[in-house]
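Presented below is the structure to which this report refers.
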Amino acid sequence: MSYHYRLDGGSLAISSPRTDQDTGTYQCLATNPLGTILSQKAKLQFAYIEDFETKTRSTVSVREGQGVVLLCGPPPHFGGLSYAWTFNDNPLYVQEDNRRFVSQETGNLYIAKVEPSDVGNYTCYITNKEAQRSVQGPPTPLVQRTDASAPDFSKNPIKKNSVVQVGGDIVIECKPNAFPRAAISWKRGMEILRQSKRVFILKDGSLKIHNVTRSDAGSYTCIATNQFGFAKNTGSLAVKERTVITVPPSKMDVTVGESIVLPCQVSHDPSIEVVFLWSFNGDVIDLKKGVAHFEKIGGESVGDLMIRNIQLNHSGKYLCTVKTTLESLSAEADIIVRGPPGPPEDVRVEHISSTTSQLSWRPGSDNNSPIQIFSIQARTPFSVGWQAVSTVPEILNGKTYNATVVGLSPWVEYEFRVVAGNSIGIGEPSKPSEVLRTKASVPVMAPTNINGGGGSRSELVITWESIPEELQNGEEFGYIIMLRPVGSTTWTKERVPFVDSSRFVYRNESITPLSPFEVKVGVYNKKGEGALSTTSIVYSGEDEPQVAPRGTSVQSFSASEMEVSWNAIAWNRNTGRVLGYEVLYWTDDSKKSVIGKIRVSGNVTTKNITGLKANTVYFASVRAYNTAGTGPSSPPANGTTKKSPPSQPPANIAWKLTNSKLCLNWEHVKTMENESEVLGYKILYRQNRQSKTHILETNNTSAELLVPFEEDYLIEIRTVSDGGDGSSSEEIRIPKMSSLSSRGVSVIELSIHFLSIVITIFYCFAIQPLI
């Protein structure tokens, strides 16, 4: 160890320590035969203080009577410091008294109530005893401001009108500009105010009145005084009645969909404007923008909130805030909206068999009303939407979260959902479960409506209603046909391996026509054979009719219609059964190209054929038919259709109306060579506002009708011939008698196409009333 260091017991002594050599961290290491230990760290640092910066300090300006703080701002140092100040060139330190104080923590000099004699330069002295060194800072000039003034309210007057509510507190400020500071006193009206339990003059001169009453209203004057003068300023105090919420909102328990009113009514001073604000769960409801469901109702002093068609999300805390220019008060209420339960969650199929499925689920929100019941619905590709299903247990109460669905169809894809209900109603259904198929099983549904018959000779045709896919219960579905002749004991069994089959034809040359058979139809699939239907009697096929009808004839009725007639066939087993007749017709007998075929059923022996060409020779033949087909045709018969009806309508129609008698006259229609001769005429007439038409036929070119007084009539005329009715004339309107009488007309004559014609003779052969 160097002579510079030595150990004194366990202590380290340093001779003539040096800053550059000995500054640092030291630790003591102690050792004996049992071990070694290291002490905590000890830091050696030498005391010092640096010089102040030579920077000039700013002048401190202060008014007489004010306080001031002069900052020392010591330079970097280590070790304890002591502070002192000198004033101007006086070598003596500034002495502390009741106005002067030097902080030994910061070195700052505090001077209270500055006087003119305090103006000058102040210098801070700092001593570091450990470093045995003192330094002094640059001088700080202190000057006195010369802006002294009398009190003045021009820039800061008293509030002209103050308003306070009964029972409240009010502070009327009085802060005139004055230097030095002014002394403050107050007057109420002409009376000097003195402090009391309710009236206080604060340190800054403001007037405070506690628990204001109506009698405190009036004018208040602040008087400010200093050695340079005085000033006063007056303001008024108005006292208003307090605003009180007389009908606050209250807690409500409502059902979703209802409409409610939350009251918020106040009593207030009539001169104060009241504003109502509503908030829901902390968010302001902007009623001015027309928020859905919400509406403010009531007058000036009423802020009731109507909630229309309330929903579950409207449950929560409602706050009515009443604001005036003087205060703000509020009242709140909780609204509980109860509704049907929310949808159950996490619907799972735990196990599925051929006819059952085990489900589990979790309840959704009860929407403030306990869940009382659950129900399960199922959907398949064959169902119309969702259908309720049977379960075990049969009734699922609100605490049941699993159940077994029964009565399912085997080999069908199912998905399930759960619906919850409470005292309010039935809620929304859950999301569907995954789609799963039930296991296969032997089919149990037998075909129905077993029928048949018809077909050809030696055939037995069997029909049934096919089984829908959802009842087939498995793959490789088909039908089993069981048949035997009536009276036999041996069944013949056939398989039809087609899912959509509904018909089977059994062929055997030994089958005689129309023989009765006992028939049953069953089902099968990959799992095995299922049920058979009940026994039905089905007849085998028959022979076609063996003979042709006799006595076929054709008679023409018009240019487009003729009638075919024949004699009925007396049938038996040898001639074949007859279900009806088929009429064939054509125009060219050499080609026998059939242009029409019409069937009639039963024992009918005539058939009208329409839509034919005029003046044309038609051939017709008839044959019988049954389920096996058609028999031989009769020899053809022929007939010629009539010529076409006249193409020209009656012309030059004239009419004469006398009282209620209407006489008509027209020109005879001449026909062309290829048209049928005119045999007569038809007069068609009807009331103007009715659709029913009356017909009068005549062989002449004139007619007479009786016309009711109060009706307009519409009349047209057409020709009649062997070829049918010809073209009609234009429609004639006959005005009612009253309209003619009102104009002084008793007789009127008119021709549609020939208005100048004068009818002097009418051939009136018939009188018919127009009814």
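Based on what the data block shows, is VAL461 surrounded by 13 or more Cβ atoms within 10 Å (Cβ to Cβ) and either assigned by the TED database to the domain that holds GLY576 or in a strand (DSSP E or B) (or both)? So VAL461 passes the test. Restricting the stretch 482-508 to residues that are surrounded by 10 or more Cβ atoms within 10 Å (Cβ to Cβ) and polar (S, T, N, Q) leaves a set whose member that is farthest from GLU465 (Cα to Cα) is SER488.
Just to be sure, is ARG623 assigned to a strand (DSSP E or B) and either polar (S, T, N, Q) or closer than 29 Å to GLY723 by Cβ (or both)? The answer is no for ARG623.
Residues in the stretch 381-430 that are assigned to a strand (DSSP E or B) and either touching a helix residue (DSSP H, G or I) at 6+ places or on another chain (Cβ under 6 Å) or among the β-branched types (Val, Ile, Thr) (or both): THR391, VAL392, THR404, VAL405, VAL406, VAL418, VAL419, ILE426. Checked against the criterion of being among the aliphatic types (A, V, I, L, M) and surrounded by 19 or more Cβ atoms within 10 Å (Cβ to Cβ), the candidates VAL405, VAL349, VAL392, VAL384 yield just one match: VAL405. Annotation: LYS43 fulfils all but one of (1) exposed (fewer than 10 other Cβ atoms within 10 Å of the Cβ); (2) assigned to a loop (DSSP other than H, G, I, E, B); (3) without any contact (Cβ under 8 Å) to a residue 24 or more places away in the chain; the unmet one is (2). Do we find a residue being without any contact (Cβ under 8 Å) to a residue 60 or more places away in the chain and on the phi > 0 side of the Ramachandran plot anywhere in the stretch 225-240? No: the stretch 225-240 contains no residue that is without any contact (Cβ under 8 Å) to a residue 60 or more places away in the chain and on the phi > 0 side of the Ramachandran plot. State all residues of the stretch 297-341 that are among the hydrophobic types (A, V, I, L, M, F, W, C), farther than 30 Å from GLU273 by Cα and out of contact with any helix residue (DSSP H, G or I) (no Cβ under 8 Å at 6 or more places or on another chain); if no residue qualifies, say none. Correct list: ILE310, LEU312, ILE336.
Tell me the residue from SER215, SER271, SER196 that is at pLDDT below 95 and assigned by the TED database to the domain that holds THR325, please. So the residue among SER215, SER271, SER196 that is at pLDDT below 95 and assigned by the TED database to the domain that holds THR325 is SER271. The C-beta contact set for the stretch 481-509 (first residue more than 16 Å from PRO447 (Cβ to Cβ), second residue among the acidic types (Asp, Glu) and exposed (fewer than 11 other Cβ atoms within 10 Å of the Cβ), distance under 6 angstrom, 6+ apart or interchain) is empty. Note on the stretch 148-225: enclosed strands (runs of 3 or more DSSP E) holding 1 or more residues that are among the β-branched types (Val, Ile, Thr) are 161-165, 170-172, 183-188, 199-201, 207-209.
Of the strands (runs of 3 or more DSSP E) lying entirely inside the stretch 492-562, those containing at least 1 residues that are among the acidic types (Asp, Glu) and outside the structural domain of GLY629 (by the TED database) are 492-496, 516-525, 528-532.
Residues of the stretch 321-349 that are out of contact with any Leu (no Cβ under 7 Å at 6 or more places or on another chain) and farther than 23 Å from ASP366 by Cα: THR324, THR325, LEU326, GLU327, SER328, LEU329, ALA331. Once the stretch 570-625 is narrowed to residues that are of a type in the set (Ser, Thr, Tyr), over 60 Å from the mean Cα position of the chain (by Cα) and more than 18 Å from THR640 (Cβ to Cβ), the residue that is surrounded by the fewest Cβ atoms within 10 Å (Cβ to Cβ) is SER593. Of the strands (runs of 3 or more DSSP E) entirely within the stretch 69-111, none holds at least 3 residues that are at positive phi and not acidic (Asp, Glu). Residues in the stretch 556-611 that are under 27 Å from ASP543 (Cα atoms), out of contact with any strand residue (DSSP E or B) (no Cβ under 9 Å at 6 or more places or on another chain) and not small (Gly, Ala, Ser): ASN572, ARG573, ASN574.
Within the stretch 415-445, being under 30 Å from TYR539 (Cβ atoms) and surrounded by 20 or more Cβ atoms within 10 Å (Cβ to Cβ) holds for one residue alone: PRO443.
Between SER390, SER375, SER360, the distinction of being polar (S, T, N, Q) and free of Cβ contacts under 8 Å to residues at least 40 places away in the same chain belongs to SER390 only. Can you pull out every residue in the stretch 650-678 that is part of a loop (DSSP other than H, G, I, E, B) and either surrounded by 17 or more Cβ atoms within 10 Å (Cβ to Cβ) or polar (S, T, N, Q) (or both)? Within the stretch 650-678, PRO650, ASN652, ILE653, ASN659, SER660, TRP666, VAL669, THR671, ASN674, SER676 qualify.
Here's the yes/no breakdown for (1) within 17 Å of ILE715 (Cα to Cα); (2) modelled with pLDDT under 90:
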site	(1), (2)
ALA651	yes, yes
ALA654	yes, yes
TRP666	yes, no
GLU677	no, yes
LYS682	yes, yes
TYR685	yes, yes
GLN690	yes, yes
THR693	yes, yes
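Taking the listed residues SER58, SER82, the one that is within 22 Å of TYR125 (Cα to Cα) and out of contact with any strand residue (DSSP E or B) (no Cβ under 7 Å at 6 or more places or on another chain) is SER58, with no other qualifying. Residue count for the stretch 679-706 satisfying the condition of being surrounded by fewer than 19 Cβ atoms within 10 Å (Cβ to Cβ), part of a loop (DSSP other than H, G, I, E, B) and either of a type in the set (A, V, I, L, M, F, W, C) or touching a residue at least 24 places away in the same chain (Cβ under 8 Å) (or both): 2. The condition (being surrounded by fewer than 13 Cβ atoms within 10 Å (Cβ to Cβ), out of contact with any Pro (no Cβ under 9 Å at 6 or more places or on another chain) and β-branched (Val, Ile, Thr)) is satisfied by just one residue among THR140, THR146, THR127: THR146. Listed by first and then second residue, the pairs linking a residue in the stretch 612-639 that is at pLDDT 90 or above to a residue that is among the aromatic types (Phe, Trp, Tyr) and part of a loop (DSSP other than H, G, I, E, B), with Cβ atoms under 9 Å apart and 6 or more places separating them unless they lie on different chains, are ALA624/TRP571. Looking across VAL266, VAL291, one residue alone is outside the structural domain of SER369 (by the TED database) and surrounded by fewer than 17 Cβ atoms within 10 Å (Cβ to Cβ). It is VAL291.
The values are calculated or read from the model by the stated rules, or taken from the named source; none is laboratory data. A quick note: this is a predicted structure, and the numbers were derived from the prediction, not measured. Cβ: placed from backbone, ideal geometry, glycine included. Neighbour counts: every protein chain shown.
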